[in-house]
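The values are calculated or read from the model by the stated rules, or taken from the named source; none is laboratory data. What you see is a predicted model, and the numbers here were worked out from it, not measured in a lab. No Cβ is skipped: glycine too gets one built from the backbone with ideal geometry, and neighbour counts run over all protein chains shown.
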Amino acid sequence: MLASKRMNPNNKNITIIGVGETGQGAAILAKKLGANVLVSDSGEINDKAFFKKAHEMGIKLETGGHTNNVYNSDLWILSPGISDKIEIIRNAKNKGIKIVSEIEFASWFTDKPIIAVTGTNGKTTTVSIINEILNKGDLSPVLAGNIGFAFSKAILDDLAKCDENRVYVLELSSFQLEHISTFKPFISIILNITADHQDRYENMEAYVEAKMNIAINHDSESYLLYNSDDSQLINKCKNLPTNKISFGLIRNSQNILKIDNSHIVENQAKIVSIDNIALKGRHNLSNILAAASAAKILNVSYEHISETLSNFSGIEHRLEKVETISGVTYYNDSKATNVESVIAAITSFKNPIILILGGKDKDSNFNSLSPFLNKKIKKIVSYGEARNKISIALRDAVELNKVFSLRDAVEECRKSAVSGDIVLLSPGCASFDQFKNYEHRGSEFKKIVKNVAYA
């Protein structure tokens with residue numbers, strides 16, 4: 001077992017704030033490493049399996065609010081959904097309690113390479129491509145973070161016996177990067193930064209700084225891959241003391257890999273034909289370049305990169321084709337939780353689109369969709385908590401109907417669509433008003449399409 005780089009958990013009091021998947025993973029890992037663990041959540045624990053496991057392991061639980069017991073602690077680990085603006089976090093800081101993210105904590109117990117990917121859009125696609133390429137390249141990747149399962153669980157699974165070729169591939173949100181101390185990936189990738197989560201951050205700069213924490217500990221042994229088409233990233237990355245490599249479709253002077261007229265190339269060597277890449281959409285080419293560049297750093301062959309890119313067609317809940325019914329094709333893009341993702345989705349199609357927007361608003365600017373309405377979108381159906389805000393922003397620019405539920409939205413689309421139309425769920429909002437997460441929303445959409453659209 002590796003000794004912690006920052007703290008030996010044995011006999012230490014560790015408090016986990018938040019009992020979601022990451023909180024559960026951190027709690028079990030900390031307990032296995034000998035800590036006295038308290039998990040505290042303002043809500044109730046609905047996961048009966050974790051409740052039973054915690055009881056068996058001697059993990060203390062408190063739910064329905066936080067008691068003063070949380071302050072009897074050497075270390076706090078915050079679940080990513082917990083904002084550090086709440087009162088107990090301020091109190092803990094005033095008491096001098098060290099606070100870290102689950103990602104930071106888990107990273108203390110491995111010396112295997114970490115590829116960490118952040119950005120406003122494209123994270124899941126990029127880490128999924130990386131994972132597929134590394135598998136082809138005879139490495140042993142594990143997907144974790146904001147995809148798959150908690151990083152802590154991955155580390156726990158590997159404590160007894162870790163594959164010598166292990167590489168951790170982490171999808172990281174800004175929330176997961178807020179409390180970083182020593183976390184240092186071997187390769188960090190920043191895909192892009194556009195406005196998002198403005199309900200959480202005081203301003204755009206605070207959001208950007210959270211994203212940039214991914215490289216805060218980088219040095220000459222690390223690699224930072226950044227999107228050179230994003231001028232904000234160029235400025236943020238230029239003075240960082242690390243090996244910087246760019247990727248992009250426009251500015252490409254520092255790229256390992258570039259796109260000529262027909263191929264992805266390294267210098268003059270052709271890696272894969274653009275026509276042979278299975279994942280379509282111009283916005284995906286940047287994600288592909290980022291993933292392939294990371295693979296090159298790890299010495300994966302052209303052959304394995306090309307084979308993966310020729311076969312990888314996408315991920316669930318991201319421009320996922322569901323059904324074609326009476327000439328109308330339904331797409332599940334539930335992963336699109338901000339307006340920029342919606343724009344990327346609608347620009348991927350040539351056919352007329354009936355767009356389903358809605359869910360829990362993240363203080364988004366829906367007016368930025370206006371330039372695309374007449375060109376791409378024939379009708380919008382808004383649903384959920386954000387339906388009124390969407391209607392006010394866009395009702396004068398395109399035909400728009402408001403409904404309450406996602407089921408109502410699909411039914412409205414079914415009535416309006418004609419052969420050749422696309423019905424696109426690309427909500428531009430969080431899912432938490434009516435669903436547990438975007439996966440739950442996307443899965444329900446697929447069920448509704450098959451049940452309602454055939455009615």
Residues of segment 374-392 being more than 27 Å from the chain's Cα centre (by Cα) and crowded, with 17+ Cβ neighbours inside 10 Å, in sequence order, are LYS378, LYS379, SER391
From ILE325, ILE288, ILE297, ILE305, grab the single residue that is modelled with pLDDT of 90 or more, β-branched (Val, Ile, Thr) and over 23 Å from the mean Cα position of the chain (by Cα). ILE325
What residue, of SER220, SER262, is at pLDDT 90 or above and assigned by TED's automatic domain parsing to the domain that holds GLU132? SER220
Do we have ALA210 as in the same structural domain as ILE129 (by TED's automatic domain parsing), under 22 Å from HIS304 (Cα atoms), of a type in the set (A, V, I, L, M, F, W, C) and at pLDDT below 90 here? no
Looking only at segment 158-187, which residues are crowded, with 16+ Cβ neighbours inside 10 Å, hydrophobic (A, V, I, L, M, F, W, C) and in contact (Cβ under 8 Å) with a residue 60 or more places away in the chain? VAL167, LEU170, LEU172, PHE175, LEU177, ILE180, PHE183, PHE186, ILE187
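This table checks each residue for (1) under 18 Å from LYS350 (Cα atoms); (2) at pLDDT below 95.
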position: ASP361; (1), (2): no, yes
position: LEU369; (1), (2): yes, yes
position: LYS389; (1), (2): no, no
position: ASP396; (1), (2): no, yes
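Does segment 85-92 contain any residue that is in the same structural domain as SER152 (by TED's automatic domain parsing), assigned to a helix (DSSP H, G or I) and at pLDDT below 95?
The answer is no, given that none of the residues of segment 85-92 is in the same structural domain as SER152 (by TED's automatic domain parsing), assigned to a helix (DSSP H, G or I) and at pLDDT below 95.
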Quick one: would you say ASN10 is among the polar types (S, T, N, Q), free of Cβ contacts under 8 Å to residues at least 12 places away in the same chain and out of contact with any strand residue (DSSP E or B) (no Cβ under 9 Å at 6 or more places or on another chain)? no
Given the conditions (1) surrounded by fewer than 23 Cβ atoms within 10 Å (Cβ to Cβ); (2) touching a Lys or Arg at 6+ places or on another chain (Cβ under 8 Å); (3) not in a helix (DSSP H, G or I), which single one is not true for TRP76? (1)
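Report yes if THR120 is within 21 Å of GLU316 (Cβ to Cβ), in contact (Cβ under 8 Å) with a residue 40 or more places away in the chain and in a helix (DSSP H, G or I), otherwise no.
In short, no.
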